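Single-structure report; data block below.
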Amino acid sequence: MGKLKNLNAATRSNLITYGMVIVLFVVMQSLAAAKAISSSTAGLLVPITAYICLAISLNLVVGISGELSLGHAGFMSVGAFTGVIVASMLAEAIPVGWARLLVSMLVGGVFAGLAGFLVGVPVMRLHGDYLAIVTLAFGEIIKNLLNNLYAGFDGSGLHLSMTNAQALGMDGGKIVINGPQGAVGITKLSNFAMGFLLVLFTLFVVLNLVNSRTGRAIMAVRDNRIAAESVGINTTKYRLIAFVVSAALAGMAGALYAQNFSSIVPKKFDFNTSILILVFVVLGGMGNIRGGIIAAIVLTILPEKLRFIGDFRMLMYAIVLIAVMLVTNNRTIQSKIADLRERLRRRGDDQAALAVDAEGGVVDE
Amino acid sequence: MGFLTNLINGVSLGSVYAIIALGYTMVYGIAKMLNFAHGDVIMVGGYICFVCMNNLGLPVAVAILLSIVGCTCLGMVVERAAYKPLREAPSLAVLITAIGVSYFLQNSALLIWGADPKVFKSVVDLPSLKFFEGQLVVGPINIVTALTCVLIMVSLTLFTSRTKMGKAMRACSEDKGAAQLMGINVNTTISMVFAIGSGLAAIAGVLLCSTYPTLMPTTGSLPGIKAFTAAVIGGIGSIPGAALGGVLLGIIEIFAKAYIGTQLADAIVFGVLIVMLLIRPAGLLGKEIHEKV
C-alpha cells in the first residue's frame, strides 16, 4: 500500500480505472459462466465492450481535445465494414478465430484512422459549432457512400463497386457487402474476452496519450487555443492527432461490434448512433474516462431493462440529457445545490453538537 | 423539359430550405447557438396543421395559423426552459442541450402521433399549370412555396432594418453588453427571435409536407440539418445569404438526385458544405470576423 501512495495522482487514477475494468470483466465472465445472467443480457456483453471503447475514444475528442464530433459512428462503420471484408477474405489463410478477429480489428482501425485523417485535415480548420456540423456532414457522407458500396471476392481477389452487385464482375466467389443490405453472412468471431482486451487496449492508448507531452499539448489547446499557439504549440497538429487516434480506436471497436452479428447494415451507423455515444461521454462527464465507461455500461443495459416502458425510454434519455446539462452548467442551479449541501452539512453538525450536549448532560449528573 | 422541371422542383425545395435557414440564421446570429431542435419544430408545425385539418376539420387557413401560433409558443417555451439558463455556458453545453431538445420533441411526437407515417394533404388545392402543350407541368404548391419564400425574405429584411424591434435584434447580435447599456431588453429580444424563427419553421413545415406528403416524427431532422448547411453556405447571420444558400442547396439536391443518383444526393449536398467551408469559411454573403486576443 505504501508504494501505491508514492505514485503520482494520475497513475493512481489510471490504475483504478484498469482495476475497475478488470474486476467488472471477471465478475461478468463468472456470472455468464454460471448462467446467472439472462441470455438477453449475455447478448449485450460484446456490444457493451464496443460501446465502452467508442465512449473512451470519443472522450479523447470531446473531453480531452474539447471539440464536438457528431460523426463518430461514421468511423465506427468504416472499421466495421473493412473488418468484415478482411475477416472473410482471410477465412482460409487464418483459420484461428481470435487471430482473424485481431487482424480484422487492426486493419479496420488503420482504415478508420485513415478516414479520420482525410476528414480531419479539412475539419481541423474549423472550430466549435462549425466543426460539429461538418463532422455530422462527414458522418452522413460516409453512411451514404457505404450504402452504395458493393464488395466481394473470388479467385482473382477483391472486387469493389459503387453501382450494383452485377458491376463487380465476379467469377463465382462471395459477395461480402451488398449495398444498402450491408454486410451479410458474417462469421461471428467476437466474444466477450476479445472485447475486454480491446477495452484494455483502448484505455492503454488513451490514458498514455493523455498523460504524455502530446496529451498536455492537446489539453492546452482545448483550454486556451491562442495561449497555446503563443507558446509554440502547433494547434492543428495536436487536434488532428487526437481526432485520428479517436477515429482509429472507433474503427477497431466497429470491427468488433460488426462481427458480433450475422449481418449489419450501414444505416445502423447513423447520426443517432453518434449521439448515443456522445450521450455516454456527456453523462459520464466530459474528459472523465471512468465516468464514460460506467455511462456506457449503464445506458446499454438500462434500456433493455426498461423495455416495459416502451417509447418513454427515449423521452427519458432526452430529459436526462437536458437536465444534466442544466445542472452542470447553470450558475443559479449550481449555487442552489451548493447551498443545499451546506445546509445539510450544517444540520449534520448541529445534530452532532446536540449529541455532544446530551452526552455532556449525562456527565454533569 | 426535364431540366426545367428539375429546376422548378429545385427552386421549390430550396425555398423551403431557405425559410428554415432564415430561422436558423437569425437564432445563430443573436444567440450564437446552433439550435438543433429547429428542424423538429418544423415537424411539430406539420403535425399541428395535420391534426387541425384532418381530425378537427378546420379550414386550411385556420389550420396554418394555429400551426404558426403553436410553433411560436413552442419556440419561446423551449428557449426559456432550456437555452436561457445556459446563456453563459460554453457552446458545447448549449449544443448538447439543443440535441436533447431535438430528441425530446421527436420522441414526444412519437408518443403522441405514433411512428407510422401520416399522409399529408396539400394545403394548396389548385389545378397544376401546364406550359408548352403540357410538356412542362408546374404544381401549384411549387409556386406558392417560392412566393412565400420571397414574401418572408422581403418582410424580414424590412423588419430588421426599419422597425425598432428589428434594430434591437441587430444590435444584440453585434454586442449584447452594449445593447443592454442602450436600454434594449436582451432577453425579450432573444425570445422574440426564437418566436419568429419558430413561426417560420411552422410555415416551412406546412409547405414541406405539402410538397412531400409523408409526415413522421423524424420528418424535420434531415431538412433541418440541410437548412443549417444552407445557412452556413450563404453566410451565417445574413438574411439574403440564408435565402440564397437555401435555393442553391435545393437546386443542387434535386439535380444530384436526377443526374447522379438518389442514394448519393445527400452526400453531395454535404460535400458542397465542406468545400464551401474550406474555400470561404464565412459563407457566400457572410462577413469575415477576425479573432481578437
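The values are calculated or read from the model by the stated rules, or taken from the named source; none is laboratory data. Everything quoted here is computed from the prediction, not taken from an experiment. No Cβ is skipped: glycine too gets one built from the backbone with ideal geometry, and neighbour counts run over all protein chains shown. The accessibility values were calculated without ligands, DNA or RNA, using every heavy atom of the protein model including side chains. Shrake-Rupley method; radii C 1.70, N 1.55, O 1.52, S 1.80 Å.
Computed 3J(HN,Hα) for the range B:175-186, one whole-Hz value per residue from the Karplus formula 6.51 cos²θ - 1.76 cosθ + 1.60 where θ = phi - 60°, is 7, 5, x, 5, 4, 5, 5, 7, x, 8, 7, 5, glycine and proline marked x.
Equivalent ellipsoid semi-axes for the range B:182-238, as square roots of 5 times the alpha carbon gyration tensor eigenvalues: give them largest first, rounded to whole Å. Please report the intermediate quantities before stating the final value.
Details: eigenvalues 148, 46, 15 Å².
Equivalent-ellipsoid dimensions as semi-axes: 27, 15, 9 Å.
Per the Cα gyration tensor, the range A:1-84 maps to an equivalent ellipsoid with semi-axes of 27, 25, 9 Å, ordered largest to smallest. Multiplying each eigenvalue of the alpha-carbon gyration tensor of the range B:72-114 by 5 and taking the square root yields semi-axes of 22, 13, 5 Å, largest first, rounded to whole angstroms. Measuring max minus min along each principal axis, the C-alpha atoms of chain B give extents of 63, 46, 36 Å (largest first).
For chain A, the share of accessible area belonging to carbon and sulfur comes to 64 percent (1.4 Å probe, ligands and nucleic acids excluded). The local environment of A:L136, defined by Cβ-Cβ distances under 13 Å, has a net charge of -3 under the rule Lys, Arg +1 and Asp, Glu -1. Averaging Cα coordinates gives a centre for the range B:74-131 and one for the range A:41-119; these two points are 33 Å apart.
Whole-Hz Karplus values for the range B:115-125 come out as 8, 5, x, 9, 8, 8, 7, 4, 7, 9, 10 Hz, taken residue by residue from phi with 6.51 cos²θ - 1.76 cosθ + 1.60 and θ = phi - 60°; glycine and proline positions read x. Across the range B:185-293, how large is the tail of the calculated P(r) beyond 17 Å, expressed as a percent of all Cα pairs? The proportion of pairs with Cα distances above 17 Å equals 62 percent.
Between the beta carbons of A:M316 and B:T214, assuming R0 = 22 Å, the FRET efficiency works out to 0.20 to the nearest 0.05. Cross-link pairs exceeding 27 Å in C-alpha to C-alpha distance, out of A:K188/A:K268; A:K268/A:K305; B:K118/B:K257; A:K305/A:K336; A:K35/A:K174; A:K336/B:K167, comprise A:K305/A:K336; A:K35/A:K174; A:K336/B:K167. Top mean-square fluctuation among B:P140, B:P85, B:P217, Gaussian network model of chain B, C-alpha springs under 10 Å? Its mean-square fluctuation being the largest, the pick is B:P85.
Kirkwood hydrodynamic radius, computed over distinct alpha-carbon pairs, for the range A:2-312: how many Å, to one decimal?
Working: mean 1/r = 0.0498 Å⁻¹.
Every distinct Cα pair counted, the radius reaches 20.1 Å.
GNM on chain B, alpha-carbon springs under 10 angstrom: the most fluctuating residue among B:S67, B:S155, B:S210 is B:S155. Taken along its principal axes, the alpha carbon cloud of the range B:1-156 reaches lengths of 61, 35, 28 Å, longest axis first.
Each residue of the range B:49-64 was assigned a 3J(HN,Hα) from its phi angle through the Karplus curve 6.51 cos²θ - 1.76 cosθ + 1.60 (θ = phi - 60°); the sequence is 4, 4, 4, 4, 7, 8, 8, 9, x, 7, x, 4, 4, 5, 4, 5 Hz, with glycine and proline shown as x. Computed from the Cα positions only, the extents of the range A:116-216 along the three principal axes stand at 53, 38, 22 Å, in decreasing order.
Based only on the alpha carbon positions, what is the Kirkwood hydrodynamic radius of the range B:130-223, in angstrom?
Working: mean 1/r = 0.0624 Å⁻¹.
Hydrodynamic radius (Kirkwood, Cα only) of the range B:130-223 equals 16.0 Å.
For chain B, the longest principal axis of the Cα atoms and the long axis of helix B:91-113 meet at an angle of about 40 degrees.
Considering all alpha-carbon pairs of the range A:237-286, what whole percent are spaced by more than 14 angstrom? Mind dumping the intermediate values first?
Working: 819 of 1225 pairs.
Value for the range A:237-286 (Cα pairs over 14 Å): 67 percent.
Taking only protein heavy atoms into account and a 1.4 Å probe, give the accessible area per residue of chain B in Å². Intermediate results must be reported in sequence, preceding the final value.
Working: 12490 Å² over 293 residues.
Heavy-atom SASA per residue in chain B reads 43 Å².
Near A:A338: Cβ cut-off under 13 Å, other residues only, Lys/Arg at +1 and Asp/Glu at -1. The net charge is +4.
Shown here is the pair-distance distribution of the protein assembly as shown: with all Cα-Cα distances grouped in 10 Å bins from zero up to the longest one, the shares run 3, 14, 23, 25, 19, 10, 4, 1, 1, 0, 0, 0 percent. Just to confirm a number: summing +1 for Lys and Arg and -1 for Asp and Glu over residues other than B:Q263 whose beta-carbon lies under 11 angstrom from that of B:Q263, what do you get? Residues near B:Q263 contribute +1 overall. Candidate cross-link partners of B:K130 among the lysines, defined by an alpha-carbon separation under 22 Å and a same-chain spacing of 8 or more, comprise B:K121. Based on the Cβ-Cβ distance of A:N224 and A:A93, what FRET efficiency does E = 1/(1 + (r/R0)^6) give at R0 = 56 Å, to the nearest 0.05? For R0 = 56 Å, the calculated efficiency reads 0.65.
Computed on protein heavy atoms with a 1.4 Å probe, what is the summed buried accessible area for the chain pair A and B, in Å² to the nearest 100?
Details: alone 19090 and 14440 Å², together 29620 Å².
For A against B, buried area totals roughly 3900 Å².
If you roll a 1.4 Å probe over the range B:186-293 with all protein chains in place, what percent of the accessible area is carbon or sulfur? Can you show the working numbers first?
Working: 2750 of 4000 Å².
Ligands and nucleic acids excluded, carbon and sulfur give 69 percent.
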